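I have placed the structure first, in the form of structure tokens, so that the comments after it can refer back to it.
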Amino acid sequence: MDFLRPASWEEALAAKAEHPTAVPIAGGTDIMVEINFDHRRPEYLLDLNRIELLREWEVGEENVRLGASVPYTQIMENLRTELPGLALASHTVASPQIRNRGGVGGNLGTASPAGDAHPALLAAGAEVEVESVRGSRFIPIDEFYTGVKRNALQPDELIKTVHVKKADGPQQYSKVGTRNAMVIAVCAFGLALHPETRTVRTGIGSAAPTPIRAKEAEAFLNAALEEGGFWDNGKIITPSIAKQFADLCSGAANPIDDVRGTAKYRRHAVGIMARRQLGWTWEQYRGSGRTLEGAA
Amino acid sequence: MRVNFTVNGRPQEADDVWEGESLLYVLRERMGLPGSKNACEQGECGSCTVRLDGVPVCSCLVAAGQVEGREVVTVEGLAEFAKDRAEHSGCAAGTCGTSLDAAKRWEAKPGQDSQTGEGVELSPIQQAFIDAGAVQCGFCTPGLLVAADEMLERNPSPTDADIREALSGNLCRCTGYEKILDAVRLAAARQERQGEAV
Amino acid sequence: MAGTTTGIPRDVTQNHVKGGIGESTLRPDGTLKVTGEFAYSSDMWHEDMLWGQILRSTVAHAEIVSIDTSEALAMDGVYAVLTHEDLPAAKNYGMEFQDTPVLAYGKVRHHGEPVVLVAADHPETARRAAAKVKIEYRELPVITDEASATAPDAILVHEGRDDHHSGHVPHPNIVHRQPIIRGNADEAAKRADVIVTGEYTFGMQDQAFLGPESGLAVPAEDGGVDLYVATQWLHSDLKQIAPCLGLPEEKVRMTMAGVGGAFGGREDISMQILASILALRTGKPVKMVYNRYESFFGHVHRHPAKLWYEHGATKDGKLTHMKCKIVLDGGAYASSTASVVGNASSLSVGPYVIDDVEIEAIGLYTNNPPCGAMRGFGAVQACFAYEAQMDKLAAKLGMDPVELRQLNAMEQGTIMPTGQVVDSPAPVAELLRIVKSRPMPPERQWETAGESADVRALPGGLSNTSHGEGVVRGVGYAVGIKNVGFSEGFDDYSTAKIRLEVINGEAVATVHTAMAEVGQGGVTIHAQIARTELGVQQVTIHPADTQVGSAGSTSAGRQTYMTGGAIKNSCSIVREKLLEIGRRKFGSYHPAWANAELLLEGGKVVTDGGEALATIADVLEDQAVEVEEEWRHRPTQAFDLVTGQGDGHVQYAFAAHRAVVEVDTELGLVKVIELACAQDVGKALNPLSVIGQIQGGTTQGLGVAVMEEIIVDPKTAKVRNPSFTDYLIPTILDTPTIPVDYLELADPNAPYGVRGIGEAPTLSSTPAVLAAIRAATGLELNKTPVRPEALTGTL
């Protein structure tokens, strides 16, 4: 095993180009477990801790530019207004110690369906900026997850920045685990209302081979909200709409049975979370309409 | 590979480090600082918690090579760290590291003290853990102390829910946590009284 | 052995004016533990030490066809690669049955069984070498439950058994069977107005102590070995280790290294023999440390159990009879399964008066992970079931569940199903009254001043799943009975060596025992007893080792009773010897030396009237008094193998819980809001640590109620969740307030009246939580842990 310690982003890209099998390590919260338990012995570890720009974020007009290594603690403390869904998701990540080290880049790099950030990124609408010595490109989040623990990255590419749309409406996020803290998701759900475009987006974690959106549910809800004039009249969403939305979210899930839970439970729980979050976000929208911080 | 970093204010060097070694292993097996504990090595118990540039992290999940040039505080340096902080009150986390003089005085002392250590200077949180009966087997204690000390630095008057949240990454199997809560409340109360006295 | 060892335990001295028995006293090792200087077994270090690594079986049941170690041996930095062929002497060990191979030979019987042993100069080198060993297995069908174990064509897990239970068991795959028949259950059933039956399943729990199995073996010049390990019972280890090394016991010098929790999981051998073999083979010190994954394979677990119960009662709530069958899965090796069977059987009736019973408990050999001691030892599984039955019965009778329990509660003088008379206080009804009379915790604690909810107070916690939706509160009660000490005729004793001398003009007592301090605070108690008995301030605790006689195990709630009793006893002999010296020296100066009751207090010899006769220092001068004595509790009897009759237990302990839970009934998530406990402790020698023990035991019971289970694949008998990611134990956010009330009703047979306290709270905590969840949901819930699936109909 070799330990590569690039001092700059350019050096990191060069190292990754030279050693495409090199495994990037930032927070270390995934890869070090695999090393400690002898599950993995990469030829090269590529340390990204010395690269300042990965730990920086910038709030722009439309988007937040979030460095891949910005720790979850920073997101939940500093970006609650701009990225409420992701801030809530960050709060559910493992433990304070892990939140101090891990960042969204790790979740994306590992691309585990159980990564806590994915549903929030899917719901908010994000683009992943990846780069190699060949240049950089933006991958829409919907195209990023390509299989179980697989993503759209080329072997020489590194994740640099995640561009997330600033919230223009309420967002929520929940995950189900069998412990009240420090737990891996049995399944997770994120919902974002986008009043400017009069759309909703969803994200489902740990209930399919990859993180997914419940697109049919979104389409149904978009139509139902439009049809009922809900965006304008701010009326309470009828229970039948909420139920149908929840059922469609459940139906979008394609989960498995494993030690953490049954497929049947996961599908059920996704529906409950979807219904509750629709209630929470819609109440927020109807109320101030502009109280965008996560409620928890 | 070789790794240089500062531990409890004192520069340290480790040689022939295997690239897959964790900071925890280097502290425990190469630097004679076994206070940080190896209970799970997967970031699920917090017993290896140290401060890395002021931030509490699981040292089992930090690759040794990532610590090059950085500052680490372990339970062995906690009393000194807390004392320094009290003397330079108001300084932010991570910037109130050990002074150069203190660093020179500090020595690793694995297993050196055969006494109970009565008379040894402890940080408020360490003393509170003893007084409240928060220590049983003690294996979780070092990590809890580092985490609780850092919480009290940020949040000197925590609610019970705050304490629970801040310590939710530290497992304890002996105590049922009640006396750990007592200890943190006690340390906070004593700190407050001390603050009023100044 | 040349070179420096660090982490060797040393004397710990505590100087307290107060700190006698009955006073909350701080731990003598507290400062070492908060400064990180207390050396645990995994902290042991020696210059030039090697690292030991075990290669474990990847299958549960298979013949070993071949093992090829050549590639591993050829690696740089590798000092030894050993198989069973390299074992120096006895190939098997075990606490009750010698059925466990040091390294597997012939076949492997469970997933994760040690097969090959490696020593190398770095743990990674050792791991890489182990990975290069090639083992060929021919897989066998797996035996995983009673049906497959006792099927007509079942493969025998152990061929040719010759242990002390092999003669009477109905099948060789049954480790032990203990029936208890008293009265006539069938006849009594005719008097019953209502009968309830139930089938219950208790999952496999792990001790999950935080300090992993570890230690250091240092080869000695005399051909022996110095071994530093974390264990619950040094002398039991020694008896098992020496024959496997082919050494006399005196050449295996064991010292207790710091123990990071135990809870039963360190009563069996883990790495002790293997590290010693490597050290003797390589001539170098060898350190072994399991990681968390390996730890799940490295110790026995709590027996999973299936329990069938039938209870009957008259319409006014008097229990008429009970029938039960308890099947405990012992896994591949016996460990303490036979004793767990005895406990489950003899305590299966719970703390109730039932004259007519028909009880059967069996322990199986299977290819599942071996199971043995864990806090509560057989009584936990039974309590979960009989308490569920009590609630069922109360519901059927339309009675308050606490009243039903109180109506049938045993008391001093009650006869157990074994025929044993409960001859010391048994305040079962009172304990229930205490927990029931506590004020209820406030409702809806998650509500905050603003609109949002504090999710930390809700089921789901930080995961933000509910802001109050679907949340229903439930309250449940349970009470349990646990035996204290080693039962069934076992010669249970402890040894204490006490030295009293004068150092710098002050009397100092040194306490030397082999007691395993696993966190319970025994060292604190020892110093307290020495202070009380010898009237000194300064007490030195000598490290526990095999240079003194056995203390027995730190388990079964026995250690304060037993080693505390031994210290009390040895101290009283020391006191007599000291007074004898005093009489010789000063007797002629004061008549009180001859005719008064003399005590030691404040460093002086005083009369019972309070008159000081001399200081201890004056009496002893440069003399030291030293005594090493064994001490025994009253004898017990084996249970009759047919009727189960016999005075099998030393002492009984009782605790009751009230659980208040809030359940998110839609998502099936549980938040325990409060778990109040009342327990009779006989005498609280150290109130601070009594409460700590009760809270800790309560929390382990909570864990098994809602989250803890080792999941074994029934098709392959392989463990599916050997990590802290998937074997969850409660965090501080899962653990509620645990108010504790304790009674001090002295047991006249026990030193100071003490009653073992560590285990009872683990019993009733689980069924109380289950009862509360049932109350909140209306579901039957016959299995631990309660998973969200069970609460939402999504299994």
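Read-outs throughout are calculated quantities, based only on the coordinates presented, and are distinct from any laboratory measurement. Keep in mind that this is a model prediction, so the values were computed, not measured. Reconstructed Cβ throughout: ideal geometry from the backbone, glycine too, with neighbour counts over all protein chains shown.
Can you tell me what share of the DSSP beta bridges in the protein assembly as shown is antiparallel? A percent to the nearest 5 is fine.
DSSP beta bridges in the protein assembly as shown are roughly 80 percent antiparallel.
If the viscosity is 1.306 mPa s and the temperature 10 °C, what Stokes-Einstein diffusion coefficient in µm²/s follows for segment C:467-608 when Rh is the Kirkwood radius over Cα pairs?
Translational diffusion coefficient: 90 µm²/s.
What does the charge count near residue B:158 come to, summing +1 for each Lys or Arg and -1 for each Asp or Glu among other residues with Cβ under 14 Å from its Cβ?
The answer is -4.
In terms of modelled amide H atoms, which long-range or inter-chain residues lie less than 5 Å from the amide H of residue C:107?
Placed amide hydrogens put C:64 under 5 Å from residue C:107.
Do any GluC sites (Glu not before Pro) in segment C:718-795 lie in a DSSP loop with no more than 13 other beta carbon atoms within 10 Å, and if so, which?
Loop-located and lightly packed - C:780.
Using alpha-carbon positions, what is the distance between the centroids of segment C:680-724 and segment C:603-636, in Å?
After rounding, the separation between the Cα centres reads 41 Å.
For segment A:188-198, in order, what is each residue's ³J(HN,Hα) by Karplus, 6.51 cos²θ - 1.76 cosθ + 1.60 with θ = phi - 60°, in whole Hz (x at glycine and Pro)?
9, 8, x, 9, 10, 8, 10, x, 5, 9, 6
By the gyration tensor of its Cα atoms, with a ≥ b ≥ c the square roots of the eigenvalues, what is the shape of segment C:30-182: rounded for a/c under 1.5, prolate for a/b over b/c, or oblate?
Oblate is the answer for segment C:30-182, as a/c is 1.5 or above yet b/c matches or exceeds a/b.
Per residue and in Å³, how big is the convex hull formed by the alpha-carbon atoms of chain C? If you can, show how the numbers build up before the last one.
Numbers: hull volume 140.7 nm³, N = 795.
Cα convex hull per residue, to the nearest whole number: 177 Å³.
Specify whether the C-alpha gyration tensor of segment C:23-86 places it in the rounded, prolate or oblate class, a ≥ b ≥ c being the square roots of the eigenvalues: rounded for a/c under 1.5, otherwise prolate if a/b is larger than b/c and oblate if not.
Numbers: a/c = 4.98, a/b = 2.15, b/c = 2.32.
Oblate, since a/c reaches 1.5 and b/c is not below a/b.
So, counting K/R as plus one and D/E as minus one, what does the shell of residues with Cβ under 12 Å around residue C:268 add up to?
My count for the surroundings of residue C:268 gives -4.
Give the long-range amide H neighbours of residue C:356: residues separated by 5 or more places, or on another chain, with amide H under 5 Å away, using H modelled in the peptide plane at 1.01 Å from N.
C:322
Given bins 5 angstrom wide, list per bin the percent of all Cα-Cα distances in segment A:159-296, short to long.
2, 10, 20, 22, 19, 14, 9, 3, 1, 0
Got the relative contact order for chain C handy, in percent, Cα pairs under 8 Å and 6 or more residues apart?
RCO, chain C: 16 percent.
Determine the relative contact order of chain A: mean sequence separation of Cα pairs under 8 Å and six or more apart, normalised by residue count, in whole percent.
Numbers: 678 pairs, mean separation 50.2, N = 296.
Taking the mean separation of contacting Cα pairs over the length of chain A, I get 17 percent.
How large is ³J(HN,Hα), in whole Hz, for each residue of segment C:741-752 in order, when computed from phi with the Karplus curve 6.51 cos²θ - 1.76 cosθ + 1.60 and θ = phi - 60°, using x for Gly and Pro?
Listing the rounded values in order: 10, 10, 9, 10, 9, 4, 8, x, 8, 9, x, 6 Hz.
In deg cm²/dmol and to the nearest 500, what is the mean residue ellipticity at 222 nm of chain A if only DSSP H runs of at least 4 residues count, each as -39500 (n - 2.57), divided by the residue total?
On the way: 11 runs with 106 residues, N = 296.
Mean residue ellipticity, 222 nm, calculated: -10500 deg cm²/dmol.
Across 10 Å bins from 0, what is the distribution of all Cα-Cα pair distances for the protein assembly as shown, in whole percents?
2, 9, 17, 22, 22, 16, 8, 3, 1, 0, 0, 0
Scan chain C and note any complete DSSP helix (H) whose C-alpha atoms cover at least 30 Å along its axis and whose Kyte-Doolittle average is -0.5 or more.
Span-like helices in chain C: C:559-586.
Note down the relative contact order for segment A:171-286 as a percent, whole number, built from C-alpha pairs under 8 angstrom at least six residues apart.
Normalised by residue count, the contact order of segment A:171-286 is 26 percent.
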